[in-house]
Protein chains: 2
Amino acid sequence: MAEVHSVRRARLRERCAASGAAAALVTRPANVRYLTGTSPAGGALLVGPGERDTLVHLRPPPDGEPTPADLRDLVLPSPDGDAAVAAADLAASLHADGLAVEENHLTVARHRALRSVADGMRLADLGGAVEQLRLVKDDQEIASLRIAAEISDQALGELLESILVGRTERHLALELERRLVDHGADGPAFPTCVGTGPHSGAPRHAPTDRRVEEGDFLTVRLGACYRGYRCEVGRTFVIGTAPAAWQIELYDLVFAAQRAGREALAPGVACRDVDRATRQPLTSAGHTEALAPWTGHGVGLEIDEDPQLSPGAMGKLDACVPVTVEPGVHLPGRGGVRIDDTLVVRPAADGGPELLTITTKELLAL
Amino acid sequence: MAEVHSVRRARLRERCAASGAAAALVTRPANVRYLTGTSPAGGALLVGPGERDTLVHLRPPPDGEPTPADLRDLVLPSPDGDAAVAAADLAASLHADGLAVEENHLTVARHRALRSVADGMRLADLGGAVEQLRLVKDDQEIASLRIAAEISDQALGELLESILVGRTERHLALELERRLVDHGADGPAFPTCVGTGPHSGAPRHAPTDRRVEEGDFLTVRLGACYRGYRCEVGRTFVIGTAPAAWQIELYDLVFAAQRAGREALAPGVACRDVDRATRQPLTSAGHTEALAPWTGHGVGLEIDEDPQLSPGAMGKLDACVPVTVEPGVHLPGRGGVRIDDTLVVRPAADGGPELLTITTKELLAL
């Protein structure tokens, strides 16, 4: 584990100490990766007690009421850890000042198995403590996101130079994912979304065997994962030479909404105010039913993480928080428009929000 | 929801009634899909009370100690359900005879949120009740697995006809996944594993940028997902004209182990005995350190489901249970061999185990 991870774990240790827990068991994979740089399947991280951190593997909890002989029934050796030491540490935490666990991730069965090995101990809730630490990104993290965005733009740009009419959504999606990897991505950041004709503009659409036709709107949403960091870019195009009047009108509207959202990004601005800025042009034009419950969200080690940009969101933006701004309108049966960028929040003195995904947002006719 | 799903839900309802719960909240995605044919992200299924079943969406539980005003803070409308009805049903279950939840899947935070809306109600554990129902597959499920296997064999067969030397593991894996989709798969059943040279034969290997070289072992493990059903096939090849003596010897050994495992499959046989049959030739030859903790597992809506074929496994095989038999030996620094088939357990009177993945297991020199 590198220096940066050790600093992050020290910050988590302070949070635990403040809440009275001697140690924390981190199970959410993105959180384990954030704190250690690695996230083996089934791996968990025990932070503390004291200065010690141990990577452990958790066994599947038994069905029903468990009575494990000792903690070694719950904790497996990890490649670079010692199960006996981990079990002893875990037992010490449980019996001493308590162990904080991620109740938002840990299952009821595993929680019960932990409780069963130490009567009368204290299991506290770590809540979203690690997620909170992950909100503001450091230079290294933003550098990885920048490369992820560059790869995504490259893959999208290449697709636009190829023949699209007659190809299916599924094949376009697969080709984009191959291009992401060709350009150095670990893999796609999320399942690539390609929607054409009546599927265009839908917020969540799994690619089908529908083929691209003349006159279609074509919405593409993709993103690279680079060194674990995930970004997204989404664009809508028109197939053929001349967009219809309704297509131009709808595109201009969503473009205006997306620009308003981007321009609203600044440190100290409430997340719900960014959402309102993005949403307002669309609702004013009467598109209320057609809107998704959010207009953007944080990105990082997960493709959808805090902060949420939605009407009910709490909290304010900070500098160095990467978010998406991704309004869209989908008209059932007709299709629609979605425009999606990844940006990093920056103060005006630093030039305002940094746009990571730079593919043009002109309405291209392909 | 089709007739088959309604029959499955009726069976689950009987299990609930037997354990005294008025209703069950099913949250594990594969279980929701098994009972309804669909599994929207964040979707859950409320089975009961009475004859009623409702698809619901669960809101993310609040951080810390929640005090929701009512159940509508937890349950969102689903596309084809009514949130108010679902909330009312949920409340009725909670206040009446209790609600069974999947403690192996439900998080502690969500469990607490459910409890907080109804003081004094009974939250029971559904355990692995749906997983148990899923063990033995019906004709339709096996037909889907057969097609998934056929697609996997096709993709693998095409790869073998192409030039391999000089290509990277990552590109071979991507090409295989594209071919799966070309032949009609929903997508890959799991991340395709390609390991060459020192990476060959490893039980879990993420493809790297290493290129295939003359004299390498090349291990490929892939599978199609078809209508939700997932299978796997794994083969090891030699690159070049003449395998080395150690390669032939190791291949013959793993082949013998895999055949012993396949031949051990029969209704009524203990899962651990199948594991022992597969493992014994390898341990006799002194490969104890190099072995994975399992030699096979069930497949279906998940790529790794019950039964487990491992030394500690409980239970016996039934007819119409699809499993993998996948022994392998990996020698650190040198590589190894892995051979992996998907089969359906059948009684001897029906011709014994049905091999779904029919790609040759001869040692091919490519």
- Which condition number in (1) closer than 23 Å to A:Glu362 by Cα; (2) in contact with a helix residue (DSSP H, G or I) (Cβ under 9 Å, 6 or more places away or on another chain) is the one that A:Ala129 fails? (1)
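Collect the residues in the range B:252-286 that are among the β-branched types (Val, Ile, Thr), over 18 Å from B:Gly352 (Cα atoms) and surrounded by fewer than 21 Cβ atoms within 10 Å (Cβ to Cβ), keeping them in residue-number order.
B:Thr283
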- Does the range A:269-292 include one or more residues that are within 16 Å of the chain's Cα centre (by Cα) and under 18 Å from A:Phe190 (Cβ atoms)? no
- So which residues in the range B:330-366 are within 24 Å of B:Gly300 (Cα to Cα) and in contact with a Phe, Trp or Tyr (Cβ under 8 Å, 6 or more places away or on another chain), if there are any at all? B:Ile339, B:Lys361
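Please indicate, with yes or no, whether at least one residue in the range B:264-282 is part of a strand (DSSP E or B) and within 29 Å of B:Gln154 (Cβ to Cβ).
Kept after step one, since they are part of a strand (DSSP E or B), are these residues of the range B:264-282: B:270.
Of the ones still in play, those that are also within 29 Å of B:Gln154 (Cβ to Cβ) are none.
Within the range B:264-282, none of the residues are part of a strand (DSSP E or B) and within 29 Å of B:Gln154 (Cβ to Cβ).
What number of residues in the range B:224-251 are over 22 Å from B:Ala202 (Cα atoms) and either surrounded by 18 or more Cβ atoms within 10 Å (Cβ to Cβ) or without any contact (Cβ under 8 Å) to a residue 24 or more places away in the chain (or both)? Can you show your working first?
Initial filter on the range B:224-251 (over 22 Å from B:Ala202 (Cα atoms)): B:225-229, B:241-242.
From what's left, either surrounded by 18 or more Cβ atoms within 10 Å (Cβ to Cβ) or without any contact (Cβ under 8 Å) to a residue 24 or more places away in the chain (or both): B:225-226, B:228-229.
Summing the residues that are over 22 Å from B:Ala202 (Cα atoms) and either surrounded by 18 or more Cβ atoms within 10 Å (Cβ to Cβ) or without any contact (Cβ under 8 Å) to a residue 24 or more places away in the chain (or both) in the range B:224-251 gives 4.
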- Filtering the range A:182-192 for residues that are within 13 Å of another protein chain (Cβ to nearest Cβ) and surrounded by 21 or more Cβ atoms within 10 Å (Cβ to Cβ) leaves a count of 3
- Options B:Asp82, B:Asp119, B:Asp138; residue that is over 19 Å from B:Pro29 (Cβ atoms) and modelled with pLDDT of 65 or more: B:Asp138
- Query: Any residue at all in the range B:286-293 that is modelled with pLDDT of 95 or more, touching a strand residue (DSSP E or B) at 6+ places or on another chain (Cβ under 9 Å) and within 23 Å of B:Ser152 (Cβ to Cβ)?
  - Reply: no
- Query: Of all residues in the range A:1-37, which are surrounded by 17 or more Cβ atoms within 10 Å (Cβ to Cβ) and among the β-branched types (Val, Ile, Thr)?
  - Reply: A:Val26, A:Thr27, A:Val32, A:Thr36
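Quick one: in the range A:103-121, of everything that is at negative phi and away from chain B (no Cβ under 14 Å), which residue is surrounded by the fewest Cβ atoms within 10 Å (Cβ to Cβ)? Outline the logic, then answer.
Just the residues of the range A:103-121 that are at negative phi, to begin with: A:103-119, A:121.
With the extra rule that they be away from chain B (no Cβ under 14 Å), the set shrinks to A:117-119, A:121.
Working: A:Val117: 21, A:Ala118: 16, A:Asp119: 8, A:Met121: 16.
If we take residues in the range A:103-121 being at negative phi and away from chain B (no Cβ under 14 Å), then A:Asp119 is surrounded by the fewest Cβ atoms within 10 Å (Cβ to Cβ).
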- Query: In the range B:198-205, is there at least one residue being modelled with pLDDT of 95 or more, buried (at least 21 other Cβ atoms within 10 Å of the Cβ) and at negative phi?
  - Reply: yes
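Wholly within the range B:294-337, which strands (runs of 3 or more DSSP E) include no fewer than the required count, namely at least 1 residues that are aliphatic (A, V, I, L, M)? Please lay out each step first, then the result.
Numbers: elements: B:296-298, B:305-309, B:322-325, B:328-331.
Filter on the range B:294-337 gives B:305-309, B:322-325, B:328-331.
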- May I ask you to list pairs of residues, at least six apart or on different chains, whose Cβ atoms are under 7 Å apart, with the first in the range A:157-178 being within 14 Å of chain B (Cβ to nearest Cβ) and the second being in a helix (DSSP H, G or I) and modelled with pLDDT under 95? A:Arg170/B:Val181; A:Leu172/A:Leu159; A:Leu174/B:Arg178; A:Leu174/B:Val181; A:Glu175/A:Leu159; A:Leu176/A:Leu159; A:Arg178/B:Leu174; A:Arg178/B:Arg178
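The values are calculated or read from the model by the stated rules, or taken from the named source; none is laboratory data. Quick caveat: nothing in here was measured; it's all calculated off a predicted structure. Note that each Cβ is placed from the backbone with ideal geometry, even for glycine, and that neighbours are counted across all protein chains shown.
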